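Reading through the structure tokens given below for one structure.
The values are calculated or read from the model by the stated rules, or taken from the named source; none is laboratory data. Note that the structure is a prediction, hence the values are computed from the model and not measured. In this analysis, Cβ positions are derived from the backbone assuming ideal geometry, glycine residues included, and neighbour counts consider all displayed protein chains. Only protein heavy atoms, including side chains, enter the accessible area calculation; ligands, DNA and RNA are left aside. Shrake-Rupley method; radii C 1.70, N 1.55, O 1.52, S 1.80 Å.
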Amino acid sequence: IPETGSAWSDDGARFSAETLKHRAAGAVRIVPLPPVLVALLLAHVALWGTAADGRIFFDGPDQVMVSSGVLDRTWERARRAALTDAELAAGLAKRPYDLRHGCASYLLSLGTVPVKVAAWLGHSLPVLMNTYTHFIDGDETAALARIEAAHKAAEAATLPVTSGFPGGGLPTGQTGLADAA
């Protein structure tokens, strides 16, 4: 039974017997991982193993579920080690769940197809766009550079109009756009 925290449950209990986000029992969502993350997970499993129920994170030799207190303290230590004072003061990555928002925003900023990002997160496209797009910095310079690069690549790949036909002309007898001018 997942620990949800009393603020997030319908009845104020820390644990919820309901399925996550009202999904069907046993429902799965395929989320592809880049090889670098697969390698990290495999190294973790090789070093620590898994709990009897398959969990990769557990607490102690009896492999109990990691409590929210342990998670909170560990997360805060990791934040202090990884972030600058300004990032800490701004509340960056205040909770592990914030990584989900960061990942979604990062994938969208890389130009990942939004439908794919929504599917990986288990969202509809409207929920994805309403929830995560306001985190993305609207860098017009980068967007314009990508458009220009795509245009130059397409232009370089385009053959001259007069090539490829017998006698260098088009099947209509025209020899290219320059002839029409």
Worksheet entry | Count of residues meeting criterion [surrounded by fewer than 13 Cβ atoms within 10 Å (Cβ to Cβ), among the small types (Gly, Ala, Ser) and within 20 Å of the chain's Cα centre (by Cα)] in the range 87-98 | 0
Item to complete: State all residues of the range 25-45 that are modelled with pLDDT of 90 or more and open to solvent by 90 Å² or more (accessible area, probe 1.4 Å); if no residue qualifies, say none.
Response: Pro35, Val36, Leu40, Leu42
Fill in: Any hit, the range 91-99, residues being part of a helix (DSSP H, G or I), within 23 Å of Val31 (Cβ to Cβ) and either touching a helix residue (DSSP H, G or I) at 6+ places or on another chain (Cβ under 7 Å) or modelled with pLDDT under 85 (or both)
no
Item to complete: Would you tally the residues in the range 107-137 being closer than 21 Å to Arg23 by Cβ, among the β-branched types (Val, Ile, Thr) and at pLDDT below 90?
Response: 1
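Listed here are the residues, each with its yes/no results for (1) without any contact (Cβ under 8 Å) to a residue 24 or more places away in the chain; (2) of a type in the set (Gly, Ala, Ser).
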{"residue": "Ala46", "(1), (2)": "yes, yes"}
{"residue": "Ala52", "(1), (2)": "yes, yes"}
{"residue": "Ile56", "(1), (2)": "yes, no"}
{"residue": "Met65", "(1), (2)": "no, no"}
{"residue": "Thr74", "(1), (2)": "yes, no"}
{"residue": "Leu83", "(1), (2)": "yes, no"}
{"residue": "Ser105", "(1), (2)": "no, yes"}
{"residue": "Leu108", "(1), (2)": "no, no"}
Worksheet entry | Close pairs (9 angstrom Cβ cut-off, 6 or more residues apart or separate chains): surrounded by 10 or more Cβ atoms within 10 Å (Cβ to Cβ) in the range 142-156, of a type in the set (Ser, Thr, Tyr) and in a helix (DSSP H, G or I) anywhere | Ala142/Ser109
Discussion item. So, in the range 62-81, exactly how many residues are open to solvent by 60 Å² or more (accessible area, probe 1.4 Å) and closer than 20 Å to Leu41 by Cα?
Written reply: 4
Response to the item:
Among Thr84, Thr133, Thr112, the single one that is closer than 26 Å to Ile30 by Cβ, over 11 Å from the mean Cα position of the chain (by Cα) and exposed (fewer than 15 other Cβ atoms within 10 Å of the Cβ) is Thr133
